[in-house]
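Undergrad: Take a look at this one; I'll ask things after.
The values are calculated or read from the model by the stated rules, or taken from the named source; none is laboratory data. The shown structure was predicted, so the numbers you read here are calculated from the model rather than taken from an experiment. With ideal geometry, Cβ positions are generated from the backbone for all residues, glycine too; neighbour counts draw on all protein chains shown.
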Amino acid sequence: MSKFLFFDIDGTLVGKSRHVTEKTKEAIAAAKNAGNKVFLCTGRAPTSIVGDVKALPIDGIVASAGGFVQVDGKYIFKNYMDQYTLSEMMTLFVNHGVLFCLETEHAIYQTPGVNEFF
């Protein structure tokens, strides 16, 4: 019986080197060869999944802490905030100097100062 395996990126698939090691790539391939389904499960936005992580032979992605779910290259779930609520929150945050990021499946929009903060 196949299993569904979920892997986080930061601190799990990618360590201090910021790259997926050959040993990790081999383990993912072995899991797939055993008939299992392999998924990324991350707080990162879909557009932030890049490089050797994106090249892994995965079956799907749970991104933005569950905000976007992709299986076999197609989005099966996208959880967007209501435009009126979003507008109110953005106004409140801007008026009070709160830094924020908005994530979509294709882009990340952030207020000035977010990169410096992190």
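Undergrad: What are the pairs with Cβ atoms under 8 angstrom where one residue, in segment 70-81, is free of Cβ contacts under 8 Å to residues at least 12 places away in the same chain and the other, located anywhere, is assigned to a strand (DSSP E or B)? Sequence gap at least six, or different chains.
TA: Note: pairs meeting the criteria are Ile76/Val69; Ile76/Gln70; Phe77/Phe68; Phe77/Val69.
Undergrad: Looking for something within 19 Å of Ile108 (Cβ to Cβ), of a type outside the set (D, E, K, R) and modelled with pLDDT of 95 or more - is there at least one such residue anywhere in segment 25-32?
TA: Checking segment 25-32: not a single residue is within 19 Å of Ile108 (Cβ to Cβ), of a type outside the set (D, E, K, R) and modelled with pLDDT of 95 or more.
Undergrad: Go through segment 60-114 and report how many residues are farther than 20 Å from Asp8 by Cβ, in the same structural domain as Ile28 (by TED's automatic domain parsing) and either at pLDDT below 90 or among the small types (Gly, Ala, Ser) (or both).
TA: Looking only at that region, the number is 1.
Undergrad: Does segment 20-34 hold any residues that are exposed (fewer than 13 other Cβ atoms within 10 Å of the Cβ) and part of a helix (DSSP H, G or I), and which are they?
TA: Glu22, Lys23, Glu26, Ala30, Asn33
Undergrad: Still on this structure, I have one more. Which residue is surrounded by the fewest Cβ atoms within 10 Å (Cβ to Cβ), if the candidates are limited to segment 72-118 and must be in contact with an Asp or Glu (Cβ under 7 Å, 6 or more places away or on another chain) and closer than 24 Å to Asn36 by Cβ?
TA: Asp72
Undergrad: Hey, could you check segment 35-63 for residues that are in contact with a helix residue (DSSP H, G or I) (Cβ under 7 Å, 6 or more places away or on another chain) and assigned to a loop (DSSP other than H, G, I, E, B) and say which is farthest from Tyr109 (Cα to Cα)?
TA: Taking the candidates together, the pick is Pro57.
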